[in-house]
Every structure is written in C-alpha cells, then in structure tokens.
Amino acid sequence: MSDADPDRASFIEVLAMREVIDPVTGIRWVVQEVRDVRYDRRAAQSLIFTSEEAMRRVRTYPDDWKTLDVVALLRVSTGT
C-alpha cells in the first residue's frame, strides 16, 4: 500500500509538520506529528521522522517539539 493510497491517507491525520536539515550530515528530515487510527489501535499520536534513507517513529516526545532547535529535535528521533 503506497502513501498515495486514498484509503490509508484517510486514516492518518497530520497534526503538525516541520522540515529540518541535520547540521552534521546535511540530511533533510520531514518531521510530522500524526495520529494513525488505522494501524494503531490506541489512535495515539506519534512523531514520524522521514528522510531519503530512513524512517523513525517516536511515540513519546516533548510537547514543545515544534520549537526545539534542530539538534535537540533530531536527538528526540534517536532517543538520546
């Protein structure tokens, strides 16, 4: 099932989004706060970090993630 699938898209609600560039590697990350009611029975919110090479899902993250500096935000994606 692709991300362009209309059935899948209707079950994923994007609540907020940021694009950041890792200052060390130069990798561009798209960070989305989502609620996924189709594949997550709890319908919990997550942060999804997506780059050309990887995808990371973080279920526990700070409320102020939208205002964190880039380095701090990327640390959230690795749990450090």
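The values are calculated or read from the model by the stated rules, or taken from the named source; none is laboratory data. Bear in mind that the values here come from a model prediction, so they are computed numbers and not experimental data. All Cβ positions, glycine included, derive from the backbone under ideal geometry; neighbour counts span all protein chains shown.
Here are the numbers for the structure shown:
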item	result
Pair list, Cβ under 6 Å, 6 or more apart: region 53-65 residue over 15 Å from Asp36 (Cα atoms), other residue surrounded by 10 or more Cβ atoms within 10 Å (Cβ to Cβ)	Tyr61/Leu47; Tyr61/Val76
From the options Phe49, Phe11, residue that is of a type in the set (A, V, I, L, M, F, W, C), in contact with a Phe, Trp or Tyr (Cβ under 9 Å, 6 or more places away or on another chain) and at pLDDT 85 or above	Phe49
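Residues checked against (1) more than 14 Å from the chain's Cα centre (by Cα); (2) at pLDDT 95 or above; (3) charged (D, E, K, R); (4) part of a loop (DSSP other than H, G, I, E, B):
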residue: Glu19; (1), (2), (3), (4): no, yes, yes, no
residue: Pro23; (1), (2), (3), (4): yes, yes, no, yes
residue: Trp29; (1), (2), (3), (4): no, yes, no, no
residue: Ser77; (1), (2), (3), (4): no, yes, no, no
